[in-house]
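Novice: First, the structure itself, so that you have it in front of you.
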Amino acid sequence: MLLSAESTEVVEATAGVVAEHAVEITSRFYPAMFKAHPELLNIFNEADQALGEQPQALAASVVAYAVQLIDPDAPSFEPVMQRIAQKHVSLGITATQYTIVGRYLLRAVGEVLGEAVTPQVAAAWDEVYWLFALQLAAEEAKVYAQQGIDPENPWRDFRIVERRDEVTIDGEPEVVTFVLAPVDGQPVPQHRAGQYITVNAALPNGTTQPRQYTLSAGPRPDSQQITVRRVRASDDAPAGVVSHHLIDSCPVGSTLQVSVPCGDVMLDDSDSPLVLVSAGVGITPMAAILDDLAQRRPNRPVILAHADRSAASHAMYEAVTASASRLEKALSHLWYEEAADESRSAEQGLMDLSSLEIPGDAQVFMCGPLPFMRQARRTLLDKGVAPEAIRYEVFGPDLWAQNPDSAAA
């Protein structure tokens, strides 16, 4: 889609100012929208709002989209668009909600920039937003149609048929695996290793909150599996309401509302070597990939590199080890920040990929905290891995997708 000539000129002149104030604009927009439409609180992650990550992600997305409209040399926005669309489909976002978002977002632009927002400026940024919204809505409509989903009713009931404590602290479960089966007994939607589902958790206070969890095992004919880490409160972040609810209040037999599998970071069927880089609970997509490979393509070369706080906090170690043992060409490297477990071949300290031999044609999957993935990506690029060969999944709003090649990446 193309921006009109009149709007292009205005956006070129004002993009810098809007970018400078973008987070302030989106931070003002969300409270105003939620006050007028409290029903939307059931769609947006309240923790991401509290941390400020959702406003940052929206600000970065809109600015990046505007830049690629006016700069033919700007990076393609298509990968970011597809990633956002997948997230939105998993949450049941509908096209009509873009009207509400647009109204309050553009109002916030006027409030923050004041007299600088002339009618011409307002019209130009209105055009940018609606081009953005229409492209997203079209992409999401395509995904809904492909998946056979009614966006007005995106949820399906699944029952917890098994739960396993992966990590415990002082006898309390810290990471738990849930095996889910459809209540209606109909077939489970097939997924590709690396994808996620959204759990729409019904909380004790009568509200619902959606959270996305990677499917932590390969495709199964009658069940799906997620692995949930308890998100504890810290100085700058609240405790994870949904993770605590699932771990503390959802025994075997509980029913959960679940979306179809979504996500754009998926295992392909090529024979090229794989490098799986993870930290902490970022092991979950790697566990699914290894499980899938062990069943379908056990001869594919794999290098698994994982970092964790300690052996005791390393979730899914047994499952990952079992899957890797079924592969013909698998190498595993571990790093523990605390003293290494003598029963495991692990190095003490932070992950360092610089000493590993990485095949030149390797495909890389990464999952973990953003600073961890940025450092790992720098090292891999220095070792000659092509940027386009590095895929990543981030838990929460994607604050990296808009410009992973920046100096801060």
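Novice: Can you put Ile226, Ile390 in order, fewest other beta carbons within 10 Å first? Don't skip to the answer; put the middle values down first.
Specialist: Working: Ile226 24, Ile390 20.
Final ranking by Cβ density, sparse to dense: Ile390, Ile226.
Novice: For the chain, set up a GNM with springs between Cα atoms under 10 Å and report which of Arg344, Arg326, Arg378 has the largest fluctuation.
Specialist: Arg344
Novice: How high is the relative contact order of the stretch 287-354, in percent, with contacts defined as C-alpha pairs under 8 Å that are six or more residues apart?
Specialist: On the way: 96 pairs, mean separation 24.1, N = 68.
Dividing the mean separation by the residue count of the stretch 287-354 yields 35 percent.
Novice: Helix 22-36: angle to the longest alpha-carbon principal axis of the chain, degrees 0 to 90, nearest 10?
Specialist: 90 degrees
Novice: Still on this structure, please answer the following. Volume per residue, Å³, of the convex hull around the alpha-carbon atoms of the stretch 56-138?
Specialist: Working: hull volume 8.2 nm³, N = 83.
Dividing the Cα hull volume of the stretch 56-138 by its residues yields 99 Å³.
Novice: Let me ask something else about it. Less than 13 Å apart at the alpha-carbon level, and either on another chain or at least 8 residues along: which aspartates and glutamates does that give for Lys329?
Specialist: Cross-link targets: Asp271.
Novice: Take every Cα-Cα pair in the stretch 93-226 and report what % of them are more than 23 Å apart.
Specialist: Working: 4838 of 8911 pairs.
So the pairs more than 23 Å apart make up 54 percent of the total in the stretch 93-226.
Novice: Dividing the convex hull volume of the alpha carbon atoms of the stretch 5-147 by its residue count, what do you get in Å³ per residue?
Specialist: Numbers: hull volume 16.0 nm³, N = 143.
Output value, Cα hull per residue: 112 Å³.
Novice: Taking the alpha-carbon distance from Lys383 and a cut-off under 15 Å, which aspartates and glutamates remain once sequence neighbours fewer than 8 residues away in the same chain are dropped?
Specialist: Asp352, Glu357, Asp361
Novice: Still on this model: Of the residues Tyr196, Tyr213, Tyr98, which exhibits the maximal mean-square fluctuation in a Gaussian network model of the chain defined by a 10 Å Cα contact cut-off?
Specialist: Highest fluctuation among the options: Tyr98.
Novice: Note down the nm distance, to one decimal, between modelled labels 7 Å out along Cα→Cβ at Lys383 and at Asp126.
Specialist: About 5.3 nm, to one decimal.
Novice: Now for a separate question. Could you work out which residue, out of Val179, Val228, Val161, moves most in a Gaussian network model of the chain, that is, has the largest mean-square fluctuation with Cα springs under 10 Å?
Specialist: Maximum fluctuation in the GNM of the chain, among the listed residues, is at Val161.
Novice: What is the local net charge at Gln295, summed over the other residues whose Cβ is closer than 11 Å to its Cβ (Lys, Arg +1; Asp, Glu -1)? Write down the numbers at each step before the final one.
Specialist: Working: positive: Arg220, Arg296, Arg297, Arg326; negative: Asp291, Asp292.
Within the 11 Å Cβ shell, the charges total +2.
Novice: Kindly give the semi-axes, whole Å and largest first, of the ellipsoid equivalent to the chain, taking each as the square root of 5 times a Cα gyration tensor eigenvalue.
Specialist: Values: eigenvalues 266, 134, 82 Å².
Listed largest to smallest, the semi-axes of the chain are 36, 26, 20 Å.
Novice: Another one. Go ahead and estimate [θ] at 222 nm for the chain from helices alone: -39,500 (n - 2.57) per DSSP H run with n ≥ 4, summed, over the residue count, rounded to 500.
Specialist: Working: 11 runs with 160 residues, N = 409.
The per-residue figure over the chain is -12500 deg cm²/dmol.
Novice: How are the alpha carbon pair distances in the stretch 190-276 distributed across 10 Å bins from zero to the largest one, expressed in percent?
Specialist: With a bin width of 10 Å, the distribution comes to 15, 42, 29, 12, 3.
Novice: I would also like to ask the following. Relative contact order for the stretch 119-263: what percent, with Cα pairs under 8 Å and sequence separation of 6 or more? Please list the in-between numbers first.
Specialist: Details: 236 pairs, mean separation 39.7, N = 145.
27 percent.
Novice: Report Rg (one decimal) and Dmax (nearest whole number) for the stretch 274-393, counting Cα atoms only, units Å.
Specialist: Rg, Dmax (Cα atoms, Å): 13.3, 37.
Novice: Using a cut-off of 27 Å between alpha-carbon atoms, which lysines can reach Lys87, once sequence neighbours fewer than 8 places away in the same chain are excluded?
Specialist: Lys35, Lys142
Novice: Fewest to most neighbouring Cβ within 10 Å: what's the order for Val23, Val265?
Specialist: On the way: Val23 17, Val265 21.
Ascending Cβ contact count within 10 Å gives the list Val23, Val265.
Novice: If you take every residue apart from Pro119 with its C-beta less than 13 Å away from the C-beta of Pro119, what net charge results, scoring Lys and Arg +1 and Asp and Glu -1?
Specialist: -4
Novice: A further question on this structure: Calculate, in whole percent, how much of the Cα-Cα pair population of the stretch 146-222 lies beyond 22 Å. The partial results should precede the final answer.
Specialist: Numbers: 929 of 2926 pairs.
Result for the distance tail: 32 percent.
No lab work stands behind these numbers, since they all come straight from the coordinates. Just so we're clear, the structure is a prediction, and the values are computed from it rather than from any experiment. Neighbour counts run over all protein chains shown; Cβ positions are idealised from the backbone, glycine included.
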